[in-house]
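Presented below is the structure to which this report refers.
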Amino acid sequence: MTLRIMTIYGTRPEAIKVAPVIKALEAHPDFESVTVVTGQHREMLDQVNEIFGIVPDHDLDVFAHGQTLNGLMAKVFDRLDPVLVDVAPDAVIVQGDTSTVAAASIAAFYRRIPVVHIEAGLRSGDINSPFPEEANRKLTSQTTALHLAPTSTSQANLLREAIDPATVAVTGNTVIDALLHTVKQDLAFTDPRLAEVEASGRPVLLVTTHRRENWGGAMEGVGRALRRLAEAYPDFHVILPVHRNPIVREAVLPQIEGLPNVLVTEPMAYGEFTRLMGLSTIVLTDSGGVQEEAPSLGKPVLVMRDNTERPEAVSAGTVKLIGTDEERIVAEVSRLVDDPAAYEAMSQAVNPYGDGLAADRSVAAIAALFGIGERLPEFTPR
Ligand code: UDP
């Protein structure tokens with residue numbers, strides 16, 4: 001008997017994190033993999049599918065400029081339901097905490113299809129931050145049949161919310177599978193400006209920012225901090241692959257115009273971005289995925305948020321929460337540049353999030369859900 005497993009995803013980080021699982025499903029004799037993209041992020045999603053060689057079977061094409069969260073949710077429900085009926089999957093996989101995930105998991109539940117949630121159990125403890133992701137995660141946990149928790153911390157969060165322990169497996173985070181797979185390919189930069197940065201051997205401050213709760217004034221402050229840092233450290237390349245969202249662009253870009261050592265790029269293909277992370281000196285970000293990846297490359301990460309649902313690397317000392325205050329950003333980056341001991345302390349390579357085997361553990365746990373084989377030993381950080 002072949003089991004049909006439908007993976008539904010919509011944004012770049014979801015695509016990166018489901019890709020290793022889709023590849024493992026494709027390789028498994030008992031599974032047929034069906035992929036559905038919502039297209040919540042259009043081009044950034046296509047970039048990732050391409051690098052992993054995934055051709056989506058269904059595209060719900062929900063993206064529209066400036067649409068509200070409610071408009072997006074309504075579209076996902078409306079367009080996914082007939083696909084669920086048509087394909088009749090034995091299980092649906094969702095990943096993470098976007099609005100795609102919340103809508104898709106409820107839609108599958110209403111159709112009585114078991115939901116498998118990858119990266120289950122992350123919690124910041126503040127329903128408004130990150131917004132709307134913290135709520136999306138909690139909603140998704142309510143309709144999930146199999147929770148694939150990346151770490152024992154996320155497992156503990158689920159158990160605290162009275163989730164049945166038998167439905168939780170600790171797998172490690174599939175982002176580390178994706179990262180290791182991509183870094184191994186050693187893809188060269190296609191952007192000549194990045195090839196020049198690499199050849200220059202000069203230090204790099206890599207910056208990404210997109211979080212909804214930082215939109216507006218906070219993000220303008222980030223832009224002003226970048227200007228001050230670029231001027232204070234002319235030897236540094238400050239590199240910002242800027243998110244497609246025009247709200248992000250309008251807040252940050254005017255602050256950093258005309259600086260010779262600031263390089264603004266379009267969102268990078270995953271191969272290029274991971275290469276750039278690998279040669280960066282310091283990473284300044286509000287991204288979830290980057291917080292998980294950069295520590296395993298031994299890069300100090302300063303996180304422009306007040307809380308995190310990823311406390312593991314903070315405890316390990318390679319990630320520091322610094323908020324979005326302009327003065328604080330300038331001070332924290334300057335400290336790492338000026339104080340070698342502080343830099344050394346934060347640049348130890350640690351792998352609290354995964355060991356590259358998360359996809360295998362996930363697929364084994366999904367098989368076990370249907371009585372095929374057994375789960376693999378759980379992930380423990382080395
Ligand atoms: N990323 C990428 N290209 C870029 C910037 C980021 O491929 O130009 C990758 C990054 O390595 C990570 C993911 O995108 O795996 C993070 O996406 P994002 O910050 O948009 O979302 P979050 O992780 O905060 O949900």
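The values are calculated or read from the model by the stated rules, or taken from the named source; none is laboratory data. Just so you know, these numbers come straight off a predicted model, no measurement behind them. Every residue, glycine as well, gets a Cβ built from its backbone with ideal geometry; the counts of neighbours run over all protein chains shown. Just so you know, the surface numbers come from the protein's heavy atoms only, side chains and all, with ligands and any DNA or RNA stripped out. Shrake-Rupley method; radii C 1.70, N 1.55, O 1.52, S 1.80 Å.
Numbers at a glance
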{"read-out": "Among residues of the range 221-240, those that are outside any helix (DSSP H, G or I) and either in contact with a strand residue (DSSP E or B) (Cβ under 9 Å, 6 or more places away or on another chain) or of a type in the set (Phe, Trp, Tyr) (or both), counted", "value": "6"}
{"read-out": "Given (1) part of a helix (DSSP H, G or I); (2) within 16 Å of the ligand (Cβ to nearest atom), index of the condition Ile329 fails", "value": "(2)"}
{"read-out": "Check on Asn261, under 21 Å from the mean Cα position of the chain (by Cα) and either within 13 Å of the ligand (Cβ to nearest atom) or free of Cβ contacts under 8 Å to residues at least 40 places away in the same chain (or both)", "value": "no"}
{"read-out": "Of residues in the range 286-323 being open to solvent by 10 Å² or more (accessible area, probe 1.4 Å) and without any contact (Cβ under 8 Å) to a residue 24 or more places away in the chain, the one nearest to Ile176 (Cα to Cα)", "value": "Val314"}
{"read-out": "Qualifying position, being within 14 Å of Leu3 (Cβ to Cβ), open to solvent by 60 Å² or more (accessible area, probe 1.4 Å) and touching a residue at least 12 places away in the same chain (Cβ under 8 Å), among Glu26, Glu32", "value": "Glu32"}
{"read-out": "Hey, Thr190 more than 16 Å from the ligand (Cβ to nearest atom), of a type in the set (S, T, N, Q) and over 22 Å from the mean Cα position of the chain (by Cα) or not", "value": "no"}
{"read-out": "Some residue of the range 238-256 being in contact (Cβ under 8 Å) with a residue 60 or more places away in the chain, within 19 Å of Gly323 (Cβ to Cβ) and within 16 Å of the chain's Cα centre (by Cα)", "value": "no"}
{"read-out": "Unique residue being away from the ligand (no atom under 14 Å from the Cβ), assigned to a helix (DSSP H, G or I), out of contact with any Gly (no Cβ under 6 Å at 6 or more places or on another chain) and not hydroxyl-bearing (Ser, Thr, Tyr) when the list is Val290, Val314", "value": "Val314"}
{"read-out": "Residue match in the range 200-215 (condition: open to solvent by 10 Å² or more (accessible area, probe 1.4 Å), closer than 23 Å to Thr281 by Cα and in a helix (DSSP H, G or I))", "value": "yes"}
{"read-out": "Which listed residue is closer than 30 Å to Val252 by Cα and touching a residue at least 60 places away in the same chain (Cβ under 8 Å), from Glu378, Glu326", "value": "Glu326"}
{"read-out": "Single residue of Val252, Val283 found to be crowded, with 17+ Cβ neighbours inside 10 Å, within 12 Å of the ligand (Cβ to nearest atom) and not charged (D, E, K, R)", "value": "Val283"}
{"read-out": "Pairs where the first residue, in the range 207-219, is among the basic types (Lys, Arg) and the second is more than 10 Å from the ligand (Cβ to nearest atom) and open to solvent by 20 Å² or more (accessible area, probe 1.4 Å), C-beta under 6 Å, 6+ apart", "value": "Arg212/Phe131"}
{"read-out": "Qualifying residue in the range 14-34 (condition: within 16 Å of the ligand (Cβ to nearest atom) and more than 22 Å from Gly356 (Cβ to Cβ))", "value": "no"}
{"read-out": "Matching residues in the range 223-249 - criterion: being open to solvent by 10 Å² or more (accessible area, probe 1.4 Å), hydrophobic (A, V, I, L, M, F, W, C) and closer than 22 Å to Leu297 by Cβ", "value": "Phe236"}
{"read-out": "Filtered residues of the range 127-149 (kept if open to solvent by 10 Å² or more (accessible area, probe 1.4 Å), outside any helix (DSSP H, G or I) and away from the ligand (no atom under 16 Å from the Cβ))", "value": "Ile127, Asn128, Thr144, Ala145"}
{"read-out": "Any hit, the range 8-17, residues being modelled with pLDDT of 90 or more, part of a strand (DSSP E or B) and either aromatic (Phe, Trp, Tyr) or crowded, with 24+ Cβ neighbours inside 10 Å (or both)", "value": "yes"}
{"read-out": "Considering residues of the range 293-303 that are out of contact with any Ser or Thr (no Cβ under 6 Å at 6 or more places or on another chain) and under 20 Å from Asp355 (Cα atoms) only, the residue nearest to the ligand (Cβ to nearest atom)", "value": "Glu293"}
{"read-out": "Evaluation of Gly216 against (1) more than 16 Å from the ligand (Cβ to nearest atom); (2) closer than 23 Å to Arg335 by Cβ; (3) modelled with pLDDT under 95 (one fails), failing number", "value": "(2)"}
{"read-out": "The listed residue being over 15 Å from the mean Cα position of the chain (by Cα) and part of a loop (DSSP other than H, G, I, E, B), out of Gly323, Gly278", "value": "Gly323"}
